[in-house]
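S.K.: Submitted below is the structure of interest, expressed as structure tokens.
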Amino acid sequence: MEKHQAAPPARHRAATERPDHFLPHIQGLRAIAVLLVVVYHFWPGRLTGGYIGVDVFFVISGFLITQQLARQLERTDRIALPSFYAKRARRLLPAAITVLVFASLATLFIMPLSSLTENVREILASTFYVENWVLALNSVDYLAAANEASLVQHYWSLSLEEQFYLFWPVLMLGASVFAVRVLKRRKWVGLIAVLAIVGLGSFALSVVVTATDPAAAYFVTYTRVWEFAVGGALALLPRLRPTRAWQSNILGWGGIAVVLGCGYFFTAATPFPGYMAALPVLGTAAIIVAHHREKPWDAGRVLSWRPVSFIGDISYSLYLWHWPLIVIAPYIPGWGLSIYNRIALFLFCFVLAWLTKRFIEDPARDWRFFTTRRPRTTLIAVVAAMAVSTLFVTGAWAVQQPKYDAEATQLAQTLADPPQCFGAASGPTDGLAPIDPCVNPELDGLIIPSPGFGNADRPEHPDCLSTLNDATVRDCQFGSDDADAPQIALIGDSHAYALMDPFIQMAETNGWHLTTYLKGGCPWTTTPLAARDAFAVSCDSWRSSLSAALTSHEPFDAVFTAALTDRTVSGASDDGTAAVGGYVEAWTPVLDAGTPIVTVVDNPAWEDDPNKCLRTEDASLCTVPREDGLASFDPIASAASTAVAAGQDVTLLDFSDTYCTADECPAVVGGANVYRDVDHLTRTFAFTLEPFIASAMSDAIAR
């Protein structure tokens with residue numbers, strides 16, 4: 001009797017049974033996409049354009065989903081929407097919810113309190129697949145490495161894909177019905193017309209919004225739909241695919257070169273996703289149609305090589321896991337992200353991704369309990385899974401929020417009655433006069449705010465800071481409203497904003513009237529920013545409006561300005577003449593009006609947030625060499641010297657020897673945690689500078 005081989009278990013069926021339309025080389029393309037993203041996140045300085053990996057995924061998704069729906073329309077003239085959504089949910093949700101639950105537990109047990117609000121909000125947004133819109137509304141710049149990222153910030157791309165999965169089948173079905181019943185045309189005419197309209201409209205919006213609001217453009221759905229549409233066009237227009245092997249290889253290898261080249265040469269300054277996104281998108285399209293794989297050197301054959309396709313098989317779980325592990329690592333004692341730890345964590349991500357695919361992704365997709373029942377059973381399970389994720393994250397919030405509130409209360413009490421020698425009071429100088437030696441043994445081992453709360457110790461009144469492409473001059477008013485009150489102004493970028501609360505307090509204490517003019521990343525100078533993008537244009541506009549506001553205002557009695565050391569302006573990389581001249585030129589009209597200017601040497605900057613070190617190491621180990629922390633050239637200091645030499649009234653404060661010893665710059669000075677991130681002062685430490693700044697401002701007002 002002839003033996004019949006038993007059917008493979010359901011959980012292995014996906015790996016052993018491939019449909020006729022399956023294109024093996026697409027798994028290799030997935031591998032390229034996920035490796036671009038993962039390597040970019042592990043080593044952003046080595047692969048500066050790796051973020052284009054998500055665009056590769058978008059094109060692949062557009063192709064595969066459109067192909068699947070088109071086959072169904074061809075066979076049945078309809079699209080079974082409930083069944084489609086149920087299959088998508090079984091494919092994507094189990095692993096996604098698993099990682100979200102893990103993120104909630106990490107928020108509870110590992111992450112600092114300062115990240116609580118951000119993590120809870122974004123885990124909830126990711127649970128309901130609206131993370132991209134939350135990030136867009138918060139104007140988070142995904143490409144700015146200095147931003148403190150949540151555990152699930154990478155879910156923005158998954159959210160965008162899910163939104164595509166929701167509306168695309170409905171749009172295709174509606175277009176086919178409209179073409180047949182109204183236009184009396186074949187359904188493919190309607191599909192291609194809608195795809196062209198949606199794709200071209202989305203591309204136009206992408207170009208415009210990227211130029212005007214790049215941070216939001218990176219995340220919002222309508223600037224990315226065209227990338228899915230390109231993949232959809234490949235599915236609906238099979239004649240686009242080459243018929244000869246040499247044509248396939250030109251497209252395949254050319255597409256690979258374009259995609260990898262974009263990953264290597266693109267940077268955070270590349271206007272993206274606008275017109276520049278067309279390069280990786282078209283490169284991906286070329287790879288998709290390069291399906292020939294008969295010869296060992298065929299691009300399709302190389303991308304189908306088992307080790308490469310294996311990475312493609314686990315790409316979804318690999319994408320899910322890698323980011324939260326990167327974010328968590330610095331907060332685990334003894335771990336961090338040294339080069340060797342990065343490599344070990346990088347490899348561990350692959351192991352974890354394989355385990356997730358093997359024991360969560362595949363079983364959930366083929367679980368007979370769902371596949372043999374109506375789609376509504378799966379959809380009910382989806383609601384239940386989202387409820388579980390919501391329960392975990394709200395539980396983490398309920399436990400951690402009282403701790404957060406307690407930290408905030410303790411911090412307020414410390415500022416109300418600071419210890420002796422706290423922070424900058426420990427000296428030794430403000431650059432004008434020696435500070436009396438001040439040593440308080442009780443400060444040994446004290447860190448206020450705590451490392452877990454350091455990132456949350458931010459200035460108040462964020463509405464007074466113009467950010468990103470906002471060119472509005474926000475002239476916030478504080479202090480005395482008496483007609484004869486001394487008029488002072490605080491002008492500058494986010495480093496000036498870090499001193500805003502102490503300035504408000506000194507204005508209220510001394511009976512001054514304070515006006516603030518602040519824009520993040522835009523120092524008060526006439527030297528243009530090096531990158532000539534939309535932000536640079538907004539900075540130019542803000543500076544122009546600032547000059548007009550200062551001219552129309554009655555002369556101030558004193559002005560204070562501060563800025564990040566100008567590594568971002570033209571001239572910072574040469575001898576600094578242009579950078580120094582820009583400050584002098586900006587200050588001259590104010591000085592000529594008889595207003596003294598007080599400024600300050602910029603504080604040290606760190607390669608990574610020192611709060612991470614303070615969470616896992618003794619404070620004595622959390623230092624940066626003085627020559628690395630303090631800029632070798634500070635154009636504000638040079639501009640002040642130039643102005644003084646010209647007989648103008650400029651006072652320069654210099655706390656460098658307070659921030660740093662002769663050899664190193666510690667993260668904690670006089671028991672005060674100095675930094676809330678890599679280069680911004682904590683609100684607490686800023687208050688310890690207040691007596692010295694107030695003295696300099698009083699002297700300037702008196703003159």
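The values are calculated or read from the model by the stated rules, or taken from the named source; none is laboratory data. Values in this document were obtained by computation on a predicted structure and should not be read as measured data. Here the Cβ is made from the backbone with ideal geometry for all residues, glycine too, and neighbour counts use every protein chain on show.
S.K.: It is to be established whether one or more residues within region 475-488 are more than 18 Å from GLU554 (Cα to Cα) and in the same structural domain as TRP524 (by TED's automatic domain parsing).
M.R.: Taking every residue of region 475-488 in turn, none turns out to be more than 18 Å from GLU554 (Cα to Cα) and in the same structural domain as TRP524 (by TED's automatic domain parsing).
S.K.: Restricting attention to region 174-194, does a residue exist that is within 20 Å of ILE52 (Cα to Cα) and buried (at least 16 other Cβ atoms within 10 Å of the Cβ)?
M.R.: no
S.K.: Looking at region 416-466, which of its residues are crowded, with 18+ Cβ neighbours inside 10 Å and among the hydrophobic types (A, V, I, L, M, F, W, C)?
M.R.: CYS421, PHE422, ALA424, ALA425, ILE435, LEU443, ILE447, ILE448, PHE453, ALA456, CYS464, LEU465
S.K.: It is to be established whether one or more residues within region 677-689 are touching a Cys at 6+ places or on another chain (Cβ under 7 Å) and surrounded by 22 or more Cβ atoms within 10 Å (Cβ to Cβ).
M.R.: No, region 677-689 has no match at all.
S.K.: Being closer than 14 Å to ASN673 by Cα and of a type in the set (Lys, Arg) is the filter here; which residues of region 605-660 pass it?
M.R.: LYS612, ARG615
S.K.: Right, here's the next one. What are the residues in region 71-102 that are among the charged types (D, E, K, R) and either out of contact with any Ser or Thr (no Cβ under 8 Å at 6 or more places or on another chain) or closer than 20 Å to PHE370 by Cβ (or both), if any?
M.R.: Scanning region 71-102 gives ARG71, GLU74, ARG75, ARG78, LYS87, ARG88, ARG90, ARG91.
S.K.: Which pairs do you get when a residue that is hydroxyl-bearing (Ser, Thr, Tyr), found in region 595-619, comes within reach of a residue that is surrounded by 20 or more Cβ atoms within 10 Å (Cβ to Cβ) and assigned to a loop (DSSP other than H, G, I, E, B), reach meaning Cβ atoms under 9 angstrom, with the pair 6+ apart or on two chains?
M.R.: Once the first residue is hydroxyl-bearing (Ser, Thr, Tyr) and sits in region 595-619, its partners that are surrounded by 20 or more Cβ atoms within 10 Å (Cβ to Cβ) and assigned to a loop (DSSP other than H, G, I, E, B) give THR595/PHE556; THR595/ASP557; THR599/ALA563; THR616/PRO451.
S.K.: Here's something else I'd like to know. Go through (1) crowded, with 19+ Cβ neighbours inside 10 Å; (2) at negative phi for THR509 and report which single condition fails.
M.R.: All conditions pass for THR509, except number (1).
S.K.: With respect to GLU460, is the statement that it is among the acidic types (Asp, Glu) and assigned to a loop (DSSP other than H, G, I, E, B) true?
M.R.: It is true that GLU460 is among the acidic types (Asp, Glu) and assigned to a loop (DSSP other than H, G, I, E, B).
S.K.: Considering (1) assigned to a loop (DSSP other than H, G, I, E, B); (2) farther than 28 Å from ARG703 by Cα, say which one ASP436 fails and leave the rest.
M.R.: Here ASP436 meets the rest and fails (2).
S.K.: Name the helices (runs of 4 or more DSSP H) wholly inside region 130-247 in which the number of residues that are touching a helix residue (DSSP H, G or I) at 6+ places or on another chain (Cβ under 8 Å) and within 29 Å of LEU105 (Cα to Cα) is 2 or more. Walk me through it before giving the result.
M.R.: Numbers: elements: 131-137, 155-181, 187-212, 214-217, 225-236.
Answer list for region 130-247: 131-137, 155-181.
S.K.: What residue, of ASP501, ASP475, ASP482, is surrounded by fewer than 23 Cβ atoms within 10 Å (Cβ to Cβ), in contact with a helix residue (DSSP H, G or I) (Cβ under 7 Å, 6 or more places away or on another chain) and farther than 30 Å from ALA406 by Cβ?
M.R.: ASP475
S.K.: Quick one: is VAL388 in a helix (DSSP H, G or I), in contact (Cβ under 8 Å) with a residue 40 or more places away in the chain, farther than 30 Å from GLN505 by Cα and aliphatic (A, V, I, L, M)?
M.R.: yes
S.K.: Within region 46-84, count every residue that is within 35 Å of the chain's Cα centre (by Cα) and in a loop (DSSP other than H, G, I, E, B).
M.R.: Counting residues in region 46-84 that are within 35 Å of the chain's Cα centre (by Cα) and in a loop (DSSP other than H, G, I, E, B) gives 4.
S.K.: Hey, among the residues in region 317-343 that are buried (at least 21 other Cβ atoms within 10 Å of the Cβ) and among the hydroxyl-bearing types (Ser, Thr, Tyr), which one's farthest from GLU607 (Cα to Cα)?
M.R.: Per the stated criteria, the residue is SER317.
S.K.: Out of ARG373, ARG365, ARG293, ARG342, I need the residue that is assigned by TED's automatic domain parsing to the domain that holds LEU116, outside any helix (DSSP H, G or I) and closer than 25 Å to PHE57 by Cβ. Which one?
M.R.: Of the residues listed, the single one that is assigned by TED's automatic domain parsing to the domain that holds LEU116, outside any helix (DSSP H, G or I) and closer than 25 Å to PHE57 by Cβ is ARG293.
S.K.: Now a separate question. Regarding THR688, is this residue under 30 Å from THR414 (Cα atoms) and more than 29 Å from the chain's Cα centre (by Cα)?
M.R.: Against the criterion (under 30 Å from THR414 (Cα atoms) and more than 29 Å from the chain's Cα centre (by Cα)), THR688 qualifies.
S.K.: Restricting attention to region 401-434, which residues are in contact (Cβ under 8 Å) with a residue 40 or more places away in the chain and over 24 Å from ASP679 (Cα atoms)?
M.R.: Of region 401-434, the ones in contact (Cβ under 8 Å) with a residue 40 or more places away in the chain are 401, 403-404, 407-408, 411, 414-415, 418-419, 421-432.
Residues satisfying the conditions are GLN401, LYS403, PRO419.
S.K.: Further, regarding this structure: What's the number of the condition LEU355 fails, among (1) crowded, with 16+ Cβ neighbours inside 10 Å; (2) at pLDDT 95 or above; (3) more than 20 Å from GLU122 (Cβ to Cβ)?
M.R.: (1)
S.K.: Sticking with this one: Considering each of PHE265, PHE219 in turn, give the residue that is at pLDDT 90 or above, buried (at least 21 other Cβ atoms within 10 Å of the Cβ), aromatic (Phe, Trp, Tyr) and out of contact with any Asp or Glu (no Cβ under 8 Å at 6 or more places or on another chain).
M.R.: PHE219
S.K.: Mind checking which residues of region 503-524 are outside any helix (DSSP H, G or I), in contact with a strand residue (DSSP E or B) (Cβ under 7 Å, 6 or more places away or on another chain) and not hydrophobic (A, V, I, L, M, F, W, C)?
M.R.: Correct list: HIS513, THR515, THR516, TYR517, LYS519, GLY520, PRO523.
For (1) free of Cβ contacts under 8 Å to residues at least 24 places away in the same chain; (2) out of contact with any strand residue (DSSP E or B) (no Cβ under 6 Å at 6 or more places or on another chain); (3) within 30 Å of LEU93 (Cα to Cα); (4) in the same structural domain as GLY53 (by TED's automatic domain parsing), each residue gets a yes or a no:
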{"position": "ASP298", "(1), (2), (3), (4)": "no, yes, no, yes"}
{"position": "SER309", "(1), (2), (3), (4)": "no, yes, yes, yes"}
{"position": "ILE328", "(1), (2), (3), (4)": "no, yes, yes, yes"}
{"position": "PHE348", "(1), (2), (3), (4)": "yes, yes, yes, yes"}
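S.K.: Has region 360-367 got any residue that is over 22 Å from LYS87 (Cα atoms) and buried (at least 19 other Cβ atoms within 10 Å of the Cβ)?
M.R.: Within region 360-367, not a single residue is over 22 Å from LYS87 (Cα atoms) and buried (at least 19 other Cβ atoms within 10 Å of the Cβ).
S.K.: Between a residue in region 531-548 that is within 11 Å of ALA269 (Cα to Cα) and in contact (Cβ under 8 Å) with a residue 24 or more places away in the chain and any residue that is small (Gly, Ala, Ser) and surrounded by fewer than 16 Cβ atoms within 10 Å (Cβ to Cβ), which pairs come within a Cβ distance under 8 Å, given they are 6 or more apart or on different chains?
M.R.: Correct list of pairs: ALA531/ALA269; ASP533/ALA269.
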